[in-house]
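The values are calculated or read from the model by the stated rules, or taken from the named source; none is laboratory data. Predicted model, so just to flag it, every value in this text is computed and none were measured. For neighbour counting, all protein chains shown are included, and Cβ atoms are generated from backbone atoms with ideal geometry for every residue, glycine included.
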Amino acid sequence: MYFDYLTVLIFASVGLVFVFANLIIASVLRPKRTVTEGLEIYECGEETIGEAWVRFDIRYYTVALVYVIFAVEIAFLFPWAIVLRESLLGEGAAAGLGIGVFALVEGFVFIAILFLGLAYVWVKGDLDWVLTYSAPAYQPPTSRMRAIPTVDTLEGDSEDDSEDAAEDTSTDESEDAA
Amino acid sequence: MEQFLFFLLSLSAIAFAVGVVVVKSPMKSVLSLLGSFVALAMIYLLIGFQFLAAAQLLVYAGAIMVLFLFVVMLLNLSDVNAVFDAPIRVLGQKRIAIAASAAALIGMIALFAGGSVQASESVGAIPAEGYDQIEYLGALIFSRYMIPFQASALLLLATMIGVLVLAKRRRDSASDVNSEEPAQ
Amino acid sequence: MMDDILPAELPLFAVWVIKAVVIFGSLISAAGITTLAERKVSAWIQYRIGPNRVGPFGLLQPLADGVKFIFKEELVPDGANRLMFRLAPMITAAPAMMCIAVIPFAGEVVIGNYNLGNLSITDLSVSVLYVGALTGLGIYGIILGGWSSNSKFSLMGAMRASAQMVSYELTLLLAILSVVLLAGSLDLRAIAESQASSAEGGIGVWNMFLQPVAFVLFIIAMFAETNRHPFDFAECEPELVGGFHTEYSSMKFALFFLGEYCAIIVMCCLVTTFFLGGYDVPFWDSAPWFIQLASFVAKAACFIFLFLWVRWTLPRFRYDQLMGLGWKVMLPLALVNVTVTGAVVSFGWSPLITPVLAVAALIPGVILFARSNPGEASLTGHALSEEGSAS
């Protein structure tokens, strides 16, 4: 088993040599200027106000929490995946006799219990990403026609912009008459 | 070679662990802890526990440390120095912590020196598959240790819901404060 | 003549070093070629010419880019956390590159008298766990890079990317798990060989056909894991400039870039191994190693092309849609798929009925989902209406 990981170690050291060689070569060759403009934080030409380290929303925490739970679940499911097959072949009989279907049911219960957690988060709305929207929800117009000025609203308008409208209504009426 | 690797990894694990406590920036603390976990995982690998090493990386280094990072992001980092200057230092918690850990260390040394904890003599060469053939691990989890396994699932569920209830209560009270402002 | 100079058998250590250097070199070259391919394919899709100045057909463009990176001035922005700023690119690049160590590219390599063993750095008995552990670590470099830059764009890009990668990694691992269930092994080589027609007890069908649901889930999750279109929220240009690497320049930016393309290549290799039989050549069981390698590379190249194709075909998602898709659609689907596959394996049924059962199990879910109209729900969701009624 050591040899398997030793080769990984050799591979990693090759990678490290490559990366550091590049970094060192670049640090020798690249120009070193002390122009301070380049060191400013990029904000599309605006001057930066304050630090970037701000408080982040708790939803990230929720997501990470659910991730932890499911990461643990998946770590347990890998042995489960192996056991189902092994017990079929009869090799698992040494450890537990014919545990295939038994393990299957257990796995189902395990998944179901943790799915309850996901369902809880889901129902409570913690998976909805748009939360901090404190204004009343946007109500789409019930019909598109409401956006278009009707004859009634135009007649009720003040004088200064009703001339064109009056022409419109007159033409409409003439068309209707025709 | 193994001895050398073991000491190297143990020393780095301990150094990182000390770094977690000593470093002032919480971000660096989290990274130190990550380094400590990775070193631990490699020690597990060294003694032939592949599944344990992978689970350590997947669950602790991969998931729980991300959670910690998000918690650090959730805190207001500019207030960190305020935490260090807080009157809580008056309690002398640093001294108490040092005394407690020293006592624990002395206790452990006494246990080992007294011979009540002994290294297993039968450990020989590590088999090619490692010690934890995953089939046997699975067979044990799903037969003999079935109840602890399901209990762990319940524990996880309870943890998640508990934490979310606490977190959401805070957020609801915060949003109440916010929602009162435009009303006035 | 050659036999006199060279030893009859290469020492084991030499074989390891040769393999490590060759595979690492191939990975870096492949990343370079992918950057060129990205620009060429983009140009082709947009009816342009693309890079054509450096070398014939612009083939030396990646080299020129590399040289340019070396000669660029390096900037560490004011107020940045210098140590972490330097560390972040390496932490990003390392896990992606390390993953390639367990990918089986071909069977036994025999060159002349020398048997170099299987063409992979190593064949772990738990290589699936190795991959899972490493993909989980890829997130740290991105968070660190964004956090240490002291730039708002960087930090927001990093937070978005980390939450996104976390959400889709679960689906990725569950899709892998259903393949592991069928193969009954955690060894990537064993998984690849179980799909070959010569496999003992196997039926010689690629997992793509046995696990269509897992295959589709894996592909979607793989786009999200690598922060590529249509999920590239880590660096969506109109909103966040460059995302987490806005402040990076010179070789450090090159490392981020390299890590990103290495991650794409690794994902393509993984999907090839898990779902397309790895180095299996259809209807030719005893193919020599270079044919197997060519087969593997061809399959992986198809997926790399898919990455580039999708970039110019699909519009970017909205972030709430992304999270909704990850948690409310893909994770439950993956769980259902795993349970169905588990039942098939456990009862010893033929794996051929897995797709039928999986699709049958999915139909009620899809109907429920379609009736709940998720696009609307995510905008005017539960919590929103609660807050709306409170105020």
Original post:
Is one or more of the residues making up segment C:78-94 surrounded by 13 or more Cβ atoms within 10 Å (Cβ to Cβ), among the small types (G, A, S), within 10 Å of chain A (Cβ to nearest Cβ) and closer than 20 Å to C:I304 by Cα?
Top reply: yes
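Which of the helices (runs of 4 or more DSSP H) contained wholly in segment B:85-184 include at least 3 residues that are modelled with pLDDT of 85 or more and surrounded by 11 or more Cβ atoms within 10 Å (Cβ to Cβ)?
B:93-114, B:146-183
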Original post:
In segment C:285-391, which helices (runs of 4 or more DSSP H) lie fully inside it and hold 3 or more residues that are modelled with pLDDT of 85 or more and more than 14 Å from chain A (Cβ to nearest Cβ)?
Top reply: C:289-311
**OP:** Could you list all residues from segment B:150-159 that are at the interface with chain A (Cβ under 8 Å from one of its Cβ atoms) and more than 19 Å from A:L77 (Cα to Cα)?
**Re:** B:T159
**OP:** Tell me, please, whether a residue that is closer than 30 Å to C:S127 by Cβ, modelled with pLDDT of 80 or more and facing chain C (nearest Cβ under 10 Å) can be found in segment B:68-82.
**Re:** yes
**OP:** Starting from segment C:168-196, take each residue that is under 12 Å from C:F275 (Cβ atoms) and list its partners that are of a type in the set (D, E, K, R) and not in a helix (DSSP H, G or I), counting only C-beta distances under 7 angstrom and pairs at least six apart or across chains.
**Re:** C:A192/C:D280; C:Q195/C:D280
Original post:
Taking segment C:261-291 as the region of interest, how many residues are acidic (D, E) and surrounded by fewer than 24 Cβ atoms within 10 Å (Cβ to Cβ)?
Top reply: 1
**OP:** State the number of residues belonging to segment C:104-149 that are of a type in the set (S, T, N, Q) and more than 11 Å from chain B (Cβ to nearest Cβ).
**Re:** 6
Original post:
Of all the residues that make up segment A:44-103, how many are at pLDDT below 80, within 17 Å of C:A163 (Cα to Cα) and assigned to a helix (DSSP H, G or I)?
Top reply: 2
Original post:
Right, C:V41: touching a Phe, Trp or Tyr at 6+ places or on another chain (Cβ under 9 Å) and assigned to a helix (DSSP H, G or I) or not?
Top reply: yes
Original post:
Consider C:L10 against the criteria (1) closer than 16 Å to C:G117 by Cβ; (2) modelled with pLDDT of 85 or more; (3) not acidic (D, E): it satisfies all of them except one. Which criterion is unmet?
Top reply: (2)
Original post:
What about B:G35, is it crowded, with 17+ Cβ neighbours inside 10 Å and without any contact (Cβ under 8 Å) to a residue 60 or more places away in the chain?
Top reply: yes
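From the set of residues in segment C:48-75 that are in a loop (DSSP other than H, G, I, E, B) and touching a residue at least 40 places away in the same chain (Cβ under 8 Å), which is nearest to C:A31 (Cα to Cα)? Don't jump to the end; show me each part of the working.
So the first thing to find is which residues in segment C:48-75 are in a loop (DSSP other than H, G, I, E, B), and the list is C:48-55, C:59-60, C:71-75.
Imposing the further condition that a residue be touching a residue at least 40 places away in the same chain (Cβ under 8 Å) reduces the set to C:72-75.
Values: C:K72: 20, C:E73: 23, C:E74: 23, C:L75: 25 Å.
Here the residue is C:K72.
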